[in-house]
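See below for the structure under consideration.
The values are calculated or read from the model by the stated rules, or taken from the named source; none is laboratory data. Because the structure is predicted, anything quoted here is derived from the model rather than measured. Here the Cβ positions follow ideal geometry from the backbone for every residue, glycine too, while neighbour counts run over all protein chains shown. Heads up: the accessible areas ignore ligands, DNA and RNA and are worked out on the full protein's heavy atoms, side chains in. Shrake-Rupley method; radii C 1.70, N 1.55, O 1.52, S 1.80 Å.
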Amino acid sequence: MSRFWSDQVAGLVPYTPGEQPKIADLLKLNTNENPYGPSPKALEAIRAAAGDSLRLYPDPESTALRQGIARRYGVKPEQVFVGNGSDEILAHVFHGLFLHSGRPLLMPDISYSFYRTYCRLYQVPYEIVPLANDFSIRVSDYTAPRAVAPAGIIFANPNAPTGMGLPLADIEAIARANPDTPVVIDEAYIDFGGESAVSLLQRNDNLAVIHTFSKSRALAGMRVGFAMAAPELIEGLVRIKDSFNSYPLDRLAQAAALAAIEDDAYFDSTCAAVVRSRERLVQRLNDLGFEVLPSQANFIFARYPGMEGADLAAALRARHILVRHFALPRINQFLRITVGTESDCERLYTQLVQIIGAQ
């Protein structure tokens, strides 16, 4: 611990992302990156934007991109907020929407671990709500009357790392049971089988939906995310942004994201390919004796009853295949496995057969 650190830094436990090692012939199935490249139109837009204009600051409001997102999702531009990846959006949400006189934020015990990191960073009180035994979100845990209204509610849908989704009727029930509480739905993986809660925004002004270009749009390297909500919530996020960084998205990122959001044909075809590979992989792993949770994401969450999760992850790593293992209560026997191309899935399956057979 450095004597130069502020008091808060010493107590932080930073988020740990999936590792990015430099290993030859590596198959990365640990960070849920899209196995297919970005839209060719996005790459063309990046090349076109990489000119003399880079000496100028980008549009601080990302006007064209916000308009493109609004067209795509049937909302108004003033209902759209963009930022440097959905993680930055989430940071502004925690800072701008969840601090209310010591009232707790509600979130699942098994979900995106960055939520707890942000709670520590921004000193947001929180209450952990356990998932059911089947790893589903119990709606009643969030709709039951409370003596004190929560400061906020947040969960990923589909959830991470389980991949399980919650129906829109349940999301709306939660929002309506907490009319004075921001309810934030993190939809990083929604495009691989879920139904977006953006359709609920018109009649639920306390609801916010967060998306990323990193997964279904295959732009993880560009760092673009966005939120959609009532203008009142968006204004709060803008106030935070403009007190922190008025220019979060550079010119290349804005150009790439706009081109990607407008290329529906490429988006639809690549998402469909991931879903097909996921369904085939789930069936094959079930046939091997794996337990696989129902997934609406571009990953699966699975365990093999005859082998420790950490041991199985290590065995795959020895064969140059990375998956994500969480050494956490309730899920330490599971592996989160990104769905790759058909050839990626075949390589994974072949190695799993050999590992299991060698026991």
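Taking the DSSP beta bridges with both ends in the chain, the antiparallel portion is around 50 percent. Positive end of the charge dipole of the chain (Lys, Arg +1 and Asp, Glu -1 on Cβ, about the Cα centre): tell me which of 345, 202, 17 has its Cα farthest that way. Positive-most Cα among the choices belongs to 17. Note on the chain: with charges restricted to the Cβ of Lys and Arg (+1) and Asp and Glu (-1), its dipole about the Cα centre is near 540 debye.
Remark: the range 1-134 carries a charge dipole of roughly 240 debye about the Cα centre, counting +1 on each Lys and Arg Cβ and -1 on each Asp and Glu Cβ.
Just one of (i) 65, 55, 34; (ii) 58, 57, 51; (iii) 86, 52, 45 is Cα extents along the principal axes in Å as worked out from the coordinates here. Which one is it? Only one option fits the structure, namely (ii). Across the range 265-275, computed HN-Hα scalar couplings (Karplus, 6.51 cos²θ - 1.76 cosθ + 1.60, θ = phi - 60°) run 4, 5, 4, 4, 5, 6, 4, 4, 5, 5, 4 Hz from first to last residue, x flagging Gly and Pro.
Which links in 22/76; 28/76; 41/241 stretch past 32 Å when you go from one Cα to the other? Result: 22/76; 28/76 exceed 32 Å. Comparing 136, 179, 92 along the charge dipole axis of the chain, the residue lying farthest to the positive side is 92, per the Cβ-charge model.
Evaluated with a Cβ-only charge set (Lys, Arg +1; Asp, Glu -1), the range 212-313 carries a dipole of roughly 160 debye about its Cα centre, given to the nearest 20.
Taken per residue, the accessible surface of the chain reaches 45 Å², heavy atoms only and a 1.4 Å probe.
Every helix of 4 or more DSSP H residues in the chain counts as -39500 (n - 2.57), and over all residues that averages to -11500 deg cm²/dmol at 222 nm.
Rounded to the nearest Hz, the phi-derived 3J(HN,Hα) couplings of the range 107-118 under the Karplus curve 6.51 cos²θ - 1.76 cosθ + 1.60 (θ = phi - 60°) are 7, x, 6, 10, 6, 4, 6, 5, 4, 5, 4, 5, where x marks glycine and proline. In this structure, the amide hydrogen of residue 156, modeled 1.01 Å from its nitrogen in the peptide plane, lies closer than 5 angstrom to those of 112, 186, counting only residues at least 5 positions away or on a different chain.
In a DSSP loop and with at most 13 other Cβ atoms within 10 Å, the GluC sites (Glu not before Pro) in the range 1-103 are 19. When the range 64-205 is described by a simple charge dipole with +1 on each Lys and Arg Cβ and -1 on each Asp and Glu Cβ, the residue from 106, 82, 188 located farthest towards its positive end is 82.
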